[in-house]
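Written below as structure tokens is the structure these notes are about.
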Amino acid sequence: MQSHPVWSRRRQRVARLRAEHPHAAALLAFYDDVLSLQVPLHARALKSRWLGAVEAADGRPPRLRLELLPERPRERDFSRFVRAVPASASDVLKSMADRLASEPAAMSDLLSAVLGRESIDAVAARLDCDAAALEFFPRAFVQPVADALAGQADGGFSGNHDASGNGAVAGDDDSRAACPYCGSAPVAAVLRDEPETKGRRMLLCSLCLAEWAFPRTRCPGCAEERAEKRPHHVSESWPHVRVEECGSCRTYIKAIDLRENGLAVPVVDELASVELDLWAVGQGLTKLRANLLGM
Ligand SMILES: [Zn+2]
Ligand SMILES: [Zn+2]
């Protein structure tokens, strides 16, 4: 299948980082298999009329009310997605996929909870599964659909994807730390020079991969802005990925600096630089929002 250029770029970046960072090779091999399952879901969502069903009538954020996605196609597609769990997945994920496939009601509730931005703890308890790991399935499934619809909500899906392999770009510079499209928390920050603003900081959505502008120094967790509370850390192995710490709420988020490496694809580089997460957790910090692979 011909994939959308944004998705092709993500897969090309995965291939490159697999070669450059052997520590992350197994994780990236699995991520590439996930991307190969996400590509057709993205293509299908682009061709659908789902935007009309989910776009907020009042125009207020979040602009996409994903819980309104038509029930029958979403449940059928999610069931197929769960059953297609790749051989490169962990044994934990494979056994969870089996559990889900044998309990269609739980599978449906799990998807509904994520679409409605509700906790999945009750479903996880019913299935006797770890909620953080279980979340992989609905997140990985909804991501390409939400990415496609966020792009369309911006008035078309070809012109609003930036060159860095991210999804839609929201222009408004406001202070919300929740994605204006789907309401999810950010998984990373992105720094880039723009004609108007040098070193502009955007946040990257953990679900739909849209970007939105966010004040350069502010913590997306607690809005702390004092410079002495906001140190950042850079390692030699990942010179373009910095760990932005918040000394007030003790969270961190990784910022992908495209000025340092114009080839980086933020969603991919964030996943691949897992050694920085291990370091940050070792410092007693908690990630603001885990990525798709639960890191
Ligand atoms: Zn989003
Ligand atoms: Zn904070």
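Taking the conditions exactly as written (under 23 Å from ASP147 (Cα atoms), more than 15 Å from ligand 2 (Cβ to nearest atom) and touching a helix residue (DSSP H, G or I) at 6+ places or on another chain (Cβ under 8 Å)), does LEU209 satisfy them or not?
Judged against the criteria, LEU209 is a match.
Mind listing whichever residues of the range 18-63 are outside any helix (DSSP H, G or I) and under 18 Å from SER184 (Cβ atoms)?
Listed by number, the residues that qualify are GLU55, ALA56, ARG60, PRO61, PRO62, ARG63.
Return yes or no: is GLY116 more than 18 Å from the chain's Cα centre (by Cα) and either surrounded by fewer than 18 Cβ atoms within 10 Å (Cβ to Cβ) or at pLDDT 95 or above (or both)?
Here the answer is no, as GLY116 does not meet what is asked.
Based on what the data block shows, is ALA105 under 16 Å from LEU93 (Cβ atoms) and of a type in the set (A, V, I, L, M)?
no
Residues of the range 194-211 being within 20 Å of ARG9 (Cβ to Cβ) and either part of a loop (DSSP other than H, G, I, E, B) or charged (D, E, K, R) (or both), which ones?
GLU194, SER206, LEU207, CYS208, LEU209, ALA210, GLU211
Only residues that are in a helix (DSSP H, G or I), of a type in the set (A, V, I, L, M, F, W, C) and over 23 Å from CYS208 (Cα atoms): list them for the range 122-146, please.
The answer is ALA122, ALA125, LEU127.
For the range 227-242, which residues satisfy the criterion of being surrounded by 20 or more Cβ atoms within 10 Å (Cβ to Cβ) and part of a strand (DSSP E or B)?
VAL241, ARG242, listed by residue number.
Looking at LEU46, LEU100, LEU68, which one is touching a residue at least 60 places away in the same chain (Cβ under 8 Å) and of a type outside the set (S, T, N, Q)?
Exactly one residue qualifies, and that residue is LEU46.
Just for the range 243-266: of the residues that are away from ligand 2 (no atom under 16 Å from the Cβ) and not in a loop (DSSP other than H, G, I, E, B), which one is surrounded by the fewest Cβ atoms within 10 Å (Cβ to Cβ)?
Out of the qualifying residues, it is ASP257.
For residues that are closer than 22 Å to ALA210 by Cβ and in a helix (DSSP H, G or I), tally how many sit in the range 1-17.
Going through the range 1-17 one residue at a time, the tally reaches 10.
Identify the single condition in (1) away from ligand 1 (no atom under 16 Å from the Cβ); (2) of a type outside the set (A, V, I, L, M, F, W, C); (3) at pLDDT 95 or above; (4) surrounded by 15 or more Cβ atoms within 10 Å (Cβ to Cβ) that PRO220 does not satisfy, given that it satisfies every other one.
(1)
Given the condition assigned to a loop (DSSP other than H, G, I, E, B), surrounded by fewer than 18 Cβ atoms within 10 Å (Cβ to Cβ) and at pLDDT 90 or above, answer yes or no: does some residue in the range 162-179 qualify?
Scanning the range 162-179 turns up at least one residue that is assigned to a loop (DSSP other than H, G, I, E, B), surrounded by fewer than 18 Cβ atoms within 10 Å (Cβ to Cβ) and at pLDDT 90 or above.
State whether one or more residues within the range 74-86 are in a helix (DSSP H, G or I) and over 17 Å from PRO144 (Cα atoms).
Looking for residues that are in a helix (DSSP H, G or I) and over 17 Å from PRO144 (Cα atoms), one finds at least one in the range 74-86, hence yes.
Please pick out the residue among SER206, SER237, SER273 that is in contact with a Ser or Thr (Cβ under 9 Å, 6 or more places away or on another chain), of a type in the set (S, T, N, Q) and within 16 Å of ligand 1 (Cβ to nearest atom).
SER206 is the lone residue from the list that is in contact with a Ser or Thr (Cβ under 9 Å, 6 or more places away or on another chain), of a type in the set (S, T, N, Q) and within 16 Å of ligand 1 (Cβ to nearest atom).
Exactly one condition in (1) more than 20 Å from PRO138 (Cβ to Cβ); (2) surrounded by fewer than 17 Cβ atoms within 10 Å (Cβ to Cβ) is not met by ALA53; state its number.
Condition (1) is where ALA53 drops out.
Mind checking which residues of the range 212-242 are of a type in the set (A, V, I, L, M, F, W, C) and away from ligand 2 (no atom under 16 Å from the Cβ)?
TRP212, ALA213, VAL234, TRP238, VAL241
The values are calculated or read from the model by the stated rules, or taken from the named source; none is laboratory data. In this text the structure is predicted, and so the values were computed from the model without any measurement. Cβ coordinates were reconstructed from backbone atoms using ideal geometry, including for glycine residues, and neighbour counts include every protein chain displayed.
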